[in-house]
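For reference, the structure is listed below as structure tokens.
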Amino acid sequence: MTAIVIHAAGDLRIEDRPAPPPGPDEVRVRVRRGGICGSDLHYMRHGGFGPVRLAEPMVLGHEVAGEVEDAGAETGFAPGEAVAIDPSLPCGACRFCAAGATQHCTDMRFFGSAMRRPHVHGAFRSAITVPARQLVRLPAGLAVERAAFAEPLAVGLHAATRAGIGPGMRVIIAGMGPIGLLALLAAWHRGAAEIVACDVLGAPLALAARLGATETVDLGREPDGLARFAGGKGWFDAGIEASGAASSLAGLIGVVRPQGRIAQLGLGGDMSLPLMALVSKEIELAGAFRFGPEFAEAVALLASGAIDPDPLLSAVLPAERAAEAFALAADKARAVKVQLAF
């Protein structure tokens, strides 16, 4: 069965990786669509990100949806059912799982992650066998290509929660990659009254405008473009930083009001902060890591049409053209989200 395996930076291969028959509490899923994420690109281009490095070949992918191919007797699933796969497999027993913060599980297994040794293989393969508790049934009418957005949308929803976004708030979001754009949609869903989107590239900002951004700021052309929002100690109630750039976070600290809140979502490595401004304005800086119950919420929102990610889908390529798909996904001037068809 086809699988997309990273061996080292720049060494992406198509290999055969069989999916075993499911046990009593397992389901074998025929994967239909998989979205290429920024972390997949980091493994492809750099062999990892930050301190996380590939030590062995690993199947990539964690944004997937498909259909049940075979199901264990204790699962309640039946062949043919459409499902989204939550890439998180928390232990369910540690203190963080008990508190409902499953994203901080001390024994987490997350698809396509080199954080553990041996690595946890991902879901870019034609079939995969998983515990039934990782599956969310797709409501009737929710297509698999849209359902494959459930994972990144869950990340955006969690960031909106961590930023404390609620009705009537003024929000700024920096970094209009797929996650930043989905965070924008999540912020609208949470009731934001105004959303300003900023980036250093024009193409993703044009898409942000299509998705309803009140205003866009091209910091590549106008490096001081946020200055007009800094008066009165800051215009915005909340912010989401989705680029991972130190200058971007510093910019948000300058335009979020005293006692406002910023969710740091982008991972760009360690950085220096304008601590005087952060402290004197009493801004709350909150990390936003993966998601918890937002995965099921994302599926429901996609099914209802409350959030429509379709404008983000730039291209769908067959899995056999994975190298081409990864190259396209890395070109931010040409693509936002690229999916693989299995």
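The values are calculated or read from the model by the stated rules, or taken from the named source; none is laboratory data. Remember, predicted model here, so these are calculated numbers, not experimental data. For neighbour counting, all protein chains shown are included, and Cβ atoms are generated from backbone atoms with ideal geometry for every residue, glycine included.
Under the condition of being out of contact with any strand residue (DSSP E or B) (no Cβ under 7 Å at 6 or more places or on another chain) and not hydroxyl-bearing (Ser, Thr, Tyr), the residues counted in segment 298-333 number 18. Taking residues in segment 45-68 that are under 14 Å from residue 13 (Cα atoms), and partners anywhere that are crowded, with 17+ Cβ neighbours inside 10 Å and hydroxyl-bearing (Ser, Thr, Tyr), the pairs with Cβ atoms closer than 7 Å and at least 6 places apart or on different chains are 60/43.
For segment 77-91: of the residues being out of contact with any Phe, Trp or Tyr (no Cβ under 6 Å at 6 or more places or on another chain) and crowded, with 24+ Cβ neighbours inside 10 Å, which is farthest from residue 38 (Cα to Cα)? Selected residue: 83. The single condition from (1) surrounded by fewer than 19 Cβ atoms within 10 Å (Cβ to Cβ); (2) assigned to a strand (DSSP E or B) that residue 74 fails is (2).
Conditions tested, residue by residue: (1) outside any loop (DSSP other than H, G, I, E, B); (2) at pLDDT 95 or above; (3) touching a Lys or Arg at 6+ places or on another chain (Cβ under 9 Å).
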position	(1), (2), (3)
179	yes, yes, no
187	yes, yes, no
222	no, yes, no
232	yes, yes, yes
258	yes, yes, yes
267	no, no, no
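Take residue 63 and tell me if it is farther than 19 Å from residue 119 by Cβ and either buried (at least 17 other Cβ atoms within 10 Å of the Cβ) or in contact with a Gly (Cβ under 8 Å, 6 or more places away or on another chain) (or both). Answer is no for this residue. Of the residues 322, 329, 298, 335, the single one that is outside the structural domain of residue 113 (by TED's automatic domain parsing) and at pLDDT 95 or above is 298.
The set of residues in segment 110-138 that are of a type in the set (Gly, Ala, Ser), part of a loop (DSSP other than H, G, I, E, B) and at negative phi comprises 114, 122, 123, 126. Which one is surrounded by the fewest Cβ atoms within 10 Å (Cβ to Cβ) among residues in segment 165-179 that are touching a residue at least 60 places away in the same chain (Cβ under 8 Å) and over 13 Å from residue 248 (Cα atoms)? Step by step, filter segment 165-179, then rank; the result is 169. Can you name the residue in segment 242-300 that is among the polar types (S, T, N, Q) and within 24 Å of residue 205 (Cβ to Cβ) and, of all such residues, is surrounded by the fewest Cβ atoms within 10 Å (Cβ to Cβ)? The residue in question is 247.
Annotation: residue 292 fulfils all but one of (1) of a type outside the set (A, V, I, L, M, F, W, C); (2) in a loop (DSSP other than H, G, I, E, B); (3) assigned by TED's automatic domain parsing to the domain that holds residue 241; the unmet one is (3). The set of residues in segment 91-109 being out of contact with any His (no Cβ under 7 Å at 6 or more places or on another chain) and either in contact (Cβ under 8 Å) with a residue 40 or more places away in the chain or not in a loop (DSSP other than H, G, I, E, B) (or both) consists of 95, 97, 98, 100, 101, 102, 103, 104, 109.
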